[in-house]
Amino acid sequence: MSVLVKVTPQEYEEMNKKIQPKPKLIRNCAMAFVVGGGICLVAQILINVFLYLGIALKEAQILGTTSMIFLGSLLTGLGLYDSIVSLGGAGGILPVTGFANAMVSPAMDSKKDGYILGVGAKMFSVAGPVIICGTIVAFVMGLGCLIFR
C-alpha cells in the first residue's frame, strides 16, 4: 500500500535544493581552461609545423584549422571526443573541433539508416542552421558594406 504525501511546489523546490549536488565551479572552469588550451596548443603546433615546411602564414592557418576539424571529426567517429567534452566541458565544445563534433555526432547516430538517408541527411541537423544563419548574416553584412561605402 502506497502513502500519498502532499507537498507544495515551494516545499518540493526546497527539498530538491537540499539533495542536489553543488556544482564544482572552480574545477569545471580549470578543466575547461586546460582542455580548451590543450586543443588550441595542438592547433598552434600544427600551424608552426606548416610554417616550418615553408607554407605562408595565411595558408598555414587555414591548414591548421582544417586539420583541427579533421581531428575533431576523427575523434568523434572513434568515440573519443565525447570523453574529452565530458572532461573539459565548454573547453571541448567551443573550439572548432566542437563544431566538427556537432556535425559528425548526429551522422554517427544515423549510420544504421544508410549512408545517404542516414549519414548524409543527418550530418547538418545540428550544424546546418548555424551554417545557414552564418551565410545569411555574412551576405547581409557584405551587402551593407557595399551600400554604405
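The values are calculated or read from the model by the stated rules, or taken from the named source; none is laboratory data. Note that the structure is predicted; figures quoted are calculated from it, not measured. Virtual Cβ from ideal backbone geometry, glycine too; neighbours counted across all protein chains shown. The accessibility values were calculated without ligands, DNA or RNA, using every heavy atom of the protein model including side chains. Shrake-Rupley method; radii C 1.70, N 1.55, O 1.52, S 1.80 Å.
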Could you give every pair whose Cβ atoms fall below 6 Å, whose first residue belongs to region 71-93 and is in contact (Cβ under 8 Å) with a residue 60 or more places away in the chain, and whose second residue is surrounded by fewer than 17 Cβ atoms within 10 Å (Cβ to Cβ), counting only separations of at least 6 or pairs across chains? Gly89/Asn28
Count of residues meeting criterion [part of a helix (DSSP H, G or I) and loosely packed, with under 10 Cβ neighbours inside 10 Å] in region 1-26: 8
With respect to Asp109, is the statement that it is open to solvent by 80 Å² or more (accessible area, probe 1.4 Å), closer than 20 Å to Leu80 by Cβ and either at pLDDT 90 or above or of a type in the set (Asp, Glu) (or both) true? yes
